[in-house]
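A.B. asks: Okay, handing you the structure first.
The values are calculated or read from the model by the stated rules, or taken from the named source; none is laboratory data. Being a predicted model, the structure only gives us computed values, none of them experimental. Accessible surface areas use protein heavy atoms only, side chains included; no ligands, DNA or RNA. Shrake-Rupley method; radii C 1.70, N 1.55, O 1.52, S 1.80 Å.
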Amino acid sequence: MKTDLTDTTASKINKALVKGRRAIGTPAVGMVLTLVVVTDEENAYDALKSASDASHEHPSRTLVVIKRVSRSLRDRTRSRLDAEVRVGADAGTGETVILRLYGDVVDHAQSVVLPLLLPDAPVVVWWPVNAPLDPAQDPLGALAQRRVTDTYACEKPVEELAARAAAYTPGDTDLSWTRITPWRSMLAAALDQVACQVQGVEVEGEEFNPSCELLAMWLADRLDVPVRRSRSAGPGLTAVRMDTDCGPISLDRADGSLATLSIQGQPQRAVALKRRETAELIAEELRRLDPDDTYASALRYGVERLKSPNGEGAPAKGEREGVPAPVESAAKAPADRATAQAPVKKAAAK
């Protein structure tokens with residue numbers, strides 16, 4: 001069931017939600033959280049489809065906030081809120097409200113979203129594109145327990161990681177980190193099978209892929225060994241090779257779906273390691289609403305430290321040079337914004 005509301009208010013939207021639930025015969029609210037999606041008109045369809053697919057695992061009220069650009073000065077000073085309310089089969093297993101903001105109300109989106117949040121339920125805010133440098137200080141981000149960004153959608157993703165590290169607040173996460181969960185699990189399982197000391201690691205992948213950088217930082221932070229980044233044509237991450245005192249260990253994925261795990265003294269094994277859709281990534285992030293200390297520790301390790309095996313910033317032999325420096329805003333951010341690192345077992349999987 002769909003209801004279109006033009007030049008409306010949050011109160012009228014709430015009434016439309018109640019009326020819609022009664023019309024389809026489900027007056028009770030059986031949702032577990034509120035998912036706020038902040039996007040633009042261009043990316044709204046894909047974001048809404050991913051959120052709808054994820055709602056099959058996590059029934060939620062999805063609020064899609066679209067900030068429309070006003071073309072004239074008169075339109076910029078005139079506030080208007082249009083809404084599309086979906087319940088029942090049109091909204092997956094929860095409820096969906098598409099909010100289009102015009103004029104001055106664009107700068108006060110939190111005042112529209114706040115009355116529509118489910119009472120006594122967690123709030124997650126997701127920016128598919130154009131995420132703020134400091135999500136926790138954003139007016140919408142301040143309403144949430146979890147704040148999900150995606151540096152892969154940024155123009156300069158590697159520099160964006162430095163800004164995320166400087167502005168990290170417990171509850172922040174990124175889909176570039178979620179994408180490497182299967183890689184981290186597989187590598188941790190491989191190391192559990194051998195009693196060897198890792199001496200060095202090479203991470204191979206696309207040059208400006210933030211997931212490659214995050215995996216390299218995680219390995220460097222957890223294993224305390226030099227990690228070298230090498231380029232490939234992709235797609236995404238293509239290989240991780242570890243040098244150990246018992247022989248090499250490698251996880252190689254050339255086609256984006258099937259990987260080969262090689263351990264010295266053992267037969268090669270084919271493992272499923274396909275690239276996942278955005279809906280699967282969002283569903284994974286919604287399974288946990290507590291701060292991700294492992295992500296925080298890997299993020300704070302710093303992209304620039306991958307240049308040097310001792311973490312002092314000098315390029316190591318055989319490493320690629322020219323890693324982009326952190327953005328200026330990240331360099332100026334206060335160090336006390338980062339939380340204390342929690343002790344995590346070396347090479348622990350998420």
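A.B. asks: Kindly report, to the nearest 10 Å², the accessible surface of Glu160 as traced by a 1.4 Å probe over protein heavy atoms only.
C.D. replies: Per-residue accessible area (Glu160): approximately 30 Å².
A.B. asks: Output wanted: per-residue J couplings in Hz (rounded whole) for segment 269-283, from phi through Karplus 6.51 cos²θ - 1.76 cosθ + 1.60, θ = phi - 60°, x for Gly and Pro.
C.D. replies: Rounded to whole hertz, the list is 10, 8, 10, 6, 8, 6, 6, 8, 6, 4, 4, 5, 5, 5, 4.
A.B. asks: Roughly how much of Ser111 is accessible, in Å² to the nearest 10, using a 1.4 Å probe?
C.D. replies: About 70 Å², rounded to the nearest 10.
A.B. asks: Something else: Give the accessible area for Val129 in Å² (nearest 10); use a 1.4 Å probe, count only protein heavy atoms, and leave out ligands, DNA and RNA.
C.D. replies: Using a 1.4 Å probe on the heavy atoms, I get roughly 30 Å².
A.B. asks: Equivalent-ellipsoid semi-axes (√(5λ), Cα gyration tensor) for segment 148-235, whole Å, largest first? Write out the running numbers ahead of the final one.
C.D. replies: Working: eigenvalues 110, 47, 30 Å².
Semi-axes from the Cα gyration tensor: 23, 15, 12 Å.
A.B. asks: Follow-up question, since we're still on this one. Between Glu207 and Asn43, what length in nm is gained on full extension when 0.36 nm per residue of separation is reduced by their alpha carbon distance?
C.D. replies: 56.6 nm
A.B. asks: Sticking with this structure for a sec: Quick check: the distance between the Cα centres of segment 181-238 and segment 36-58, to the nearest angstrom?
C.D. replies: 30 Å
A.B. asks: If the cut-off is a Cα-Cα distance under 17 Å, which aspartates and glutamates reach Lys67, setting aside same-chain residues fewer than 8 apart in sequence?
C.D. replies: List returned: Asp7, Asp40, Glu41, Glu42, Asp46, Asp75, Asp82, Glu84, Asp104, Asp107, Asp138.
A.B. asks: Determine the per residue accessible area of segment 54-197 with all protein chains present and a 1.4 angstrom probe, expressed in square angstrom.
C.D. replies: Per residue, segment 54-197 has an accessible area of 40 Å².
A.B. asks: Here's a follow-up. Quick query: amide H of Gly171 versus all other amide H atoms, modeled in the peptide plane; which residues come in under 5 Å with a sequence gap of 5 or more or a different chain?
C.D. replies: Asp292
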